[in-house]
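Everything below concerns the one structure shown next.
The values are calculated or read from the model by the stated rules, or taken from the named source; none is laboratory data. Please read these numbers as outputs of a predicted model, since none were measured by experiment. Because the Cβ atoms are built from the backbone with ideal geometry, glycine has one as well, and the counts that use them run over all protein chains shown.
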Amino acid sequence: MREVQLSPLDLLPQQDLREKILDLVLRGVPAGTHSAAKAHLQSFRQELLAANVENVKVVVFGGGTGLSNIIGGDSRLASWTQKPFNGLKEIFPQTRSVVCITDNGGSTGELLKDLPIVAVGDMRHVLLSSIQLVNLQKRYNIDPMEAAEVASILAEVFNWRFTGPLERNHPDFLSIEAKLRHLPRAFEQFLQSLFNYLFSDQRLATTLQRSHCFGNLLLAAVVYREIDQGMTNVDLARNQKVLHKALFSGLNVMAQAIGAGERAVLPCTSTPAQLRVLYTNGVEITGEHKLGAAKRGFPVESVQVDYCDTVRIYEEVLDDIRDADIIILAPGSLYSSIIPVFKVPGLASAVRNNRKALKILVSNLWVQAGETDLSIADPERKFHVSDMIRAYEKNIPGGTGGLFNEVLCISLKDIPASVLQKYAVEGKIPIFLDRDQLTEQSYIPVECGVYSLDALAERGVIQHDPGTLALAIKGLYNGRSCFSDTLKELEYRPEPLPTRYQLQEGMHIQPFQRYIGIMERLDNLNISFIGGNSHVDEGALKSTIGEILLDHPIIPLSHLDYFEGLHCIDPKYWNRDQRWDNVFSFFDPDDKCIKIRGDQVLIRQKLEVALMIAFGESLLGDYAKEKVIKKVEIDQICLGRVYHLFLREKKKRVCFLSHEQLCTFLSLARMCSTNDENHYTRLVNNGEGFTPPGLFMGLMYAWYIDNRFASHIEYKMSVMKINQTDLIPEQLKMAERRRKMIEFFKEVVFSTL
């Protein structure tokens, strides 16, 4: 026992040295510590906190909410104005954010319909959270109380959401405008100039008719001010180099004006892009907002990013990464935050090539519907931190090696059980830390109390506390010499240094260009109201259809070429037999028009389902020459019916599918081929229903786009979730047929090639 030597740190209860240091930094010396050890621990803590980090360069990657919260608090919350200047930016003034740009929902989605720019919503969010007290004081010569008032007014202006159109003389707009008079004169003039510009640049006129978050419009205005007004939006869509420069200049002008600082917030790329998500059942969807809304019931297999032009990275972003002392991966949506950022060619290798920086992954707190509610490793259990890292490893080019070492996780030990129980009742479950799994993968889990005590006390919620998290990172940075010898750098494949511009294959059109294409087709669409519904505004109906189509980027524009009109039929004149289904739309090959029961067009959700089913049917076109149902009788006993399908001759057929593709579909739809290549049959048992190929095509089309649209198909597909066994061979055949059908729709129907 005389040979045992203890350090004062050994008296702290945590096992890991990093966790000991962070607990000491965040909580202080534990009560009851021996006086001799207490003095050493207090001295060590003071040294960790006193070390100056004002010139330490920090780069943070992420999306909107998680990134903004750790930078300086969630600026969309009303409580943010009480502490607008804390967080990473307070302790590390040289903090710069690199933001994901694949968001396509809300106000950002509305903006993308009219302007050929990247998503700006998350950048707006992070910019506001990045304002610094010292910058405001220096720029406008104001005291801290005046700076706090500026932050409060900015929050109101940037976060103001209105229902369009935006009108100059509207009382709400006048109220927002009046708030500018309480700002420093130079700041007031700057924002007033943006207000005026919004109404003077005709390129922004269309988007002012929509509902928006006003801060997004201000960002659009500050960017468009940098561009010659002689260039139209169509011109800009074809000349992304101009927008590349304008976005950089505009964001920096805004960042410095609001006190965030030069290059405080930049996009991971200036190239418009969209997210593409593949589920383990083979279904692939497009659009970030669909990821959260989808209820697929299967884990995410992988994600890809489709770029709309040459991928451009700002050289300044690469410089900041190269010079960074600390690199942080912020918490956020697993598949729509960090992963899309590192899909940008060159960014991951730029991080790996910086071998001197402290690299930290801040783990998410809660399971997120559509993204982390199911584990791909084991769908039967809940999501673990190792699952999150496994998703990064699989989806980030080159894997996770060299991107981060420490994994900072929230400690739930001191959170009241009643709070966790409340979350559980609401369906919110923590992402569990599986420490051994992380250690085996050579990552270092660091568990500490970085949640907000104020948020827990005031609102009963658990979230990262910006100030506490910043202190924890400061403790890790200043204490890194204590554990540098324990750090094992993960191996990774060497990559070439990134270039600013990289051409990507398989580029996609921008939402702006897609919306133009949709509306051009709808402008030529003949809409008729048969027997009633004449009170429905045709222009408004076309606009709604356009919104629906844009909401489903997976639908190729070519699918709109297979019907020529839309007939809305009054329910009194609707003569379809609904005994077997509740489908209130169909495609009529005789006049190439979609028919919808009139009451379905009055509610968007019902209209959407009806359109998707009819769109799918229209792709088959006039493939059928004749359909006949004949009874099967033996000894005057009816045993069932045979459905005969006779195909139109190839040369006379108008169909989205080639002959071979059509034959494949019919086989998957359980139609039996005969000696005649244009003749198919299907035996139906007596008393049973039957979904003919045309309707089945429509239902599958709707289900693939959103499985909530076709519960009938969702029921059929449920066989893929059953644990399969060789004891039931028919089940295996059925599941394989469903899998092949999904693959057919992915590779043939919704292929963009």
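Looking only at strands (runs of 3 or more DSSP E) that fall completely inside segment 558-668, which ones have 2 or more residues that are touching a His at 6+ places or on another chain (Cβ under 8 Å) and among the aliphatic types (A, V, I, L, M)?
593-597, 624-634, 637-647
For the list (1) within 27 Å of the chain's Cα centre (by Cα); (2) on the phi > 0 side of the Ramachandran plot, I need the number of the one condition that SER129 fails.
Exception for SER129: condition (2).
Residue check: is ASN52 more than 18 Å from LEU12 (Cα to Cα) and not assigned by TED's automatic domain parsing to the domain that holds ASP103? Show your work before the answer.
Numbers: more than 18 Å from LEU12 (Cα to Cα): yes; not assigned by TED's automatic domain parsing to the domain that holds ASP103: yes.
So ASN52 fits the description; yes.
Could you tell me whether PHE587 is over 30 Å from LEU541 (Cβ atoms) and among the hydrophobic types (A, V, I, L, M, F, W, C)?
no
Which members of segment 85-128 meet the condition of being part of a helix (DSSP H, G or I) and of a type in the set (Asp, Glu)? Write out each step before concluding.
As a first pass, look at segment 85-128 and keep what is part of a helix (DSSP H, G or I): 88-91, 106-114, 121-128.
Answer for segment 85-128, where residues must be part of a helix (DSSP H, G or I) and of a type in the set (Asp, Glu): GLU90, GLU110, ASP114, ASP122.
Checking GLU743 against (1) within 20 Å of SER658 (Cα to Cα); (2) without any contact (Cβ under 8 Å) to a residue 24 or more places away in the chain; (3) among the acidic types (Asp, Glu), which test does it fail?
Status for GLU743: all satisfied but (2).
Could you look through segment 152-163, keep only residues that are touching a Ser or Thr at 6+ places or on another chain (Cβ under 6 Å) and surrounded by 14 or more Cβ atoms within 10 Å (Cβ to Cβ), and pick out the one that is nearest to PRO184 (Cα to Cα)?
Looking at the filtered set, the residue picked out is SER152.
Of all residues in segment 509-545, count the ones that are more than 20 Å from LEU115 (Cα to Cα) and not in a helix (DSSP H, G or I).
14
Taking the stated definitions as given, is LEU611 under 41 Å from the mean Cα position of the chain (by Cα), in contact (Cβ under 8 Å) with a residue 12 or more places away in the chain and buried (at least 23 other Cβ atoms within 10 Å of the Cβ)?
yes
Among LEU219, LEU166, LEU191, LEU208, which is buried (at least 16 other Cβ atoms within 10 Å of the Cβ), over 29 Å from the mean Cα position of the chain (by Cα) and touching a residue at least 24 places away in the same chain (Cβ under 8 Å)?
Values: LEU219 fails: over 29 Å from the mean Cα position of the chain (by Cα); LEU166 fails: over 29 Å from the mean Cα position of the chain (by Cα); LEU208 fails: over 29 Å from the mean Cα position of the chain (by Cα).
Every option except LEU191 fails the conditions.
Test GLY32 against the criterion of being in the same structural domain as ALA255 (by TED's automatic domain parsing) and either small (Gly, Ala, Ser) or modelled with pLDDT under 90 (or both), and give yes or no.
Here the answer is no, as GLY32 does not meet what is asked.
Inside segment 396-417, can you point out the residues that are free of Cβ contacts under 8 Å to residues at least 60 places away in the same chain and either of a type in the set (Asp, Glu) or not assigned by TED's automatic domain parsing to the domain that holds THR439 (or both)?
ASP414
What pairs come out if I take residues in segment 509-532 that are more than 20 Å from LEU275 (Cβ to Cβ) and pair them with residues that are among the charged types (D, E, K, R) and outside any helix (DSSP H, G or I) whose C-beta lies under 6 Å away, six or more apart or interchain?
Correct list of pairs: GLY531/ASP570; GLY532/ASP570.
Given (1) of a type in the set (Phe, Trp, Tyr); (2) within 26 Å of LEU550 (Cβ to Cβ); (3) part of a loop (DSSP other than H, G, I, E, B), where does PHE745 come up short, assuming only one miss?
(3)
Could you go through segment 34-52 and let me know if any residue there is among the charged types (D, E, K, R) and in a loop (DSSP other than H, G, I, E, B).
Scanning segment 34-52 turns up no residue that is among the charged types (D, E, K, R) and in a loop (DSSP other than H, G, I, E, B).
Within segment 15-44, count every residue that is over 13 Å from ALA472 (Cβ atoms) and either charged (D, E, K, R) or without any contact (Cβ under 8 Å) to a residue 60 or more places away in the chain (or both).
19
Mind telling me which of the residues ARG124, ARG168 ends up being at pLDDT 95 or above and closer than 23 Å to ARG225 by Cα? Break it down into steps so the answer makes sense when it comes.
Working: ARG168 fails: at pLDDT 95 or above.
After applying the criteria, what remains is ARG124.
Quick one: ASN141 ticks every box in (1) touching a residue at least 60 places away in the same chain (Cβ under 8 Å); (2) on the phi > 0 side of the Ramachandran plot except a single one, so which number is it?
Looking at each condition in turn, ASN141 falls short on (1).
Take SER618 and decide whether it is among the polar types (S, T, N, Q) and in contact (Cβ under 8 Å) with a residue 40 or more places away in the chain.
It is true that SER618 is among the polar types (S, T, N, Q) and in contact (Cβ under 8 Å) with a residue 40 or more places away in the chain.
For segment 259-282: of the residues being touching a helix residue (DSSP H, G or I) at 6+ places or on another chain (Cβ under 6 Å) and closer than 16 Å to GLU743 by Cα, which is surrounded by the fewest Cβ atoms within 10 Å (Cβ to Cβ)?
ASN281
Considering segment 249-273 alone, what residues qualify as being assigned to a loop (DSSP other than H, G, I, E, B) and either farther than 25 Å from ILE153 by Cβ or not small (Gly, Ala, Ser) (or both)?
Within segment 249-273, ILE258, GLU262, ARG263, CYS268, THR269, SER270, THR271, PRO272 qualify.
Kindly check whether there is at least one residue in segment 416-424 that is in contact with a Ser or Thr (Cβ under 7 Å, 6 or more places away or on another chain), at pLDDT 70 or above and either more than 16 Å from SER337 (Cα to Cα) or of a type in the set (Phe, Trp, Tyr) (or both).
Within segment 416-424, none of the residues are in contact with a Ser or Thr (Cβ under 7 Å, 6 or more places away or on another chain), at pLDDT 70 or above and either more than 16 Å from SER337 (Cα to Cα) or of a type in the set (Phe, Trp, Tyr) (or both).
With the structure loaded, tell me whether LYS652 is within 26 Å of GLY689 (Cα to Cα) and not aliphatic (A, V, I, L, M) or whether it fails that test.
no
So which residues in segment 321-334 are crowded, with 23+ Cβ neighbours inside 10 Å and in a helix (DSSP H, G or I), if there are any at all?
Answer for segment 321-334, where residues must be crowded, with 23+ Cβ neighbours inside 10 Å and in a helix (DSSP H, G or I): ILE321, LEU334.
Per-residue answers, yes or no, for (1) of a type in the set (S, T, N, Q); (2) in contact with a strand residue (DSSP E or B) (Cβ under 8 Å, 6 or more places away or on another chain); (3) touching a residue at least 24 places away in the same chain (Cβ under 8 Å):
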{"position": "HIS659", "(1), (2), (3)": "no, no, no"}
{"position": "LEU668", "(1), (2), (3)": "no, no, yes"}
{"position": "CYS672", "(1), (2), (3)": "no, yes, no"}
{"position": "ARG682", "(1), (2), (3)": "no, yes, yes"}
{"position": "LEU695", "(1), (2), (3)": "no, yes, yes"}
{"position": "LEU699", "(1), (2), (3)": "no, no, yes"}
{"position": "HIS712", "(1), (2), (3)": "no, no, yes"}
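List the residue pairs whose Cβ atoms are under 9 Å apart, where the first residue sits in segment 626-637 and is within 30 Å of LYS652 (Cα to Cα), the second is modelled with pLDDT under 90 and aromatic (Phe, Trp, Tyr), and the two are 6 or more positions apart or on different chains.
Partner pairs satisfying both residue conditions: ILE629/PHE690.
Quick check on segment 710-719. Is at least one of its residues over 30 Å from PHE646 (Cβ atoms), surrounded by 14 or more Cβ atoms within 10 Å (Cβ to Cβ) and under 33 Å from the mean Cα position of the chain (by Cα)?
yes
State all residues of segment 660-695 that are closer than 16 Å to LEU619 by Cβ and exposed (fewer than 15 other Cβ atoms within 10 Å of the Cβ); if no residue qualifies, say none.
If the condition is that a residue be closer than 16 Å to LEU619 by Cβ and exposed (fewer than 15 other Cβ atoms within 10 Å of the Cβ), then GLU660 is the only one that fits.
Just to be sure before I move on: is LYS572 closer than 21 Å to MET700 by Cβ, surrounded by fewer than 23 Cβ atoms within 10 Å (Cβ to Cβ) and among the basic types (Lys, Arg) in the structure I sent?
For LYS572, the condition - closer than 21 Å to MET700 by Cβ, surrounded by fewer than 23 Cβ atoms within 10 Å (Cβ to Cβ) and among the basic types (Lys, Arg) - is not met.
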